[in-house]
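Trainee: Just passing along the structure, written as C-alpha cells.
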Amino acid sequence: MADIKYDIVEELGTLSENARGWTKELNLVSWNGGAPKYDIRDWAPEHGKMGKGVTLTKEEAQELHKVLGRVLEG
C-alpha cells in the first residue's frame, strides 16, 4: 500500500472519545497534497494513527448539514 500523506489544516471539533483515548473528529485535511476536505474519522492520541473515515467537499458538507437539520428537527 502506498504511503498516504496528510496535513490537518484545521481541527474543527471532537465528536466523541472512547475508553482507549481515540477521538472521533471533524477536521479540514489535505490528503496527498490535494485541496483540503472536511474529514470525519477516529484518531489515536496525537494523531499518530487513524481509523477509516469519510471525506467531504464543501458542497457535500453543506448537503449533509441540510439533511441533518431535517432529520434532527423531525
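The values are calculated or read from the model by the stated rules, or taken from the named source; none is laboratory data. In this text the structure is predicted, and so the values were computed from the model without any measurement. Here the Cβ is made from the backbone with ideal geometry for all residues, glycine too, and neighbour counts use every protein chain on show. SASA here: full protein model, heavy atoms, side chains in, ligands and nucleic acids out. Shrake-Rupley method; radii C 1.70, N 1.55, O 1.52, S 1.80 Å.
Trainee: Would you mind stating whether Ala44 is of a type in the set (Gly, Ala, Ser) and open to solvent by 90 Å² or more (accessible area, probe 1.4 Å)?
Mentor: Details: of a type in the set (Gly, Ala, Ser): yes; open to solvent by 90 Å² or more (accessible area, probe 1.4 Å): no.
Against the criterion (of a type in the set (Gly, Ala, Ser) and open to solvent by 90 Å² or more (accessible area, probe 1.4 Å)), Ala44 does not qualify.
Trainee: Ile4 is checked against (1) under 19 Å from Thr57 (Cβ atoms); (2) open to solvent by 40 Å² or more (accessible area, probe 1.4 Å); (3) modelled with pLDDT of 95 or more and fails just one. What number does that condition carry?
Mentor: So Ile4 meets the others, but not (3).
Trainee: Just checking: which of the strands (runs of 3 or more DSSP E) contained wholly in region 1-55 hold 2 or more residues that are aromatic (Phe, Trp, Tyr)?
Mentor: Values: elements: 6-17, 23-31, 37-43.
Strands (runs of 3 or more DSSP E) meeting the threshold: 37-43.
Trainee: Could you go through region 24-35 and let me know if any residue there is of a type in the set (Lys, Arg) and open to solvent by less than 90 Å² (accessible area, probe 1.4 Å).
Mentor: So in region 24-35, the residues of a type in the set (Lys, Arg) come out as 24.
Filter once more, so that each one left must be open to solvent by less than 90 Å² (accessible area, probe 1.4 Å): 24.
Yes, that holds for at least one residue.
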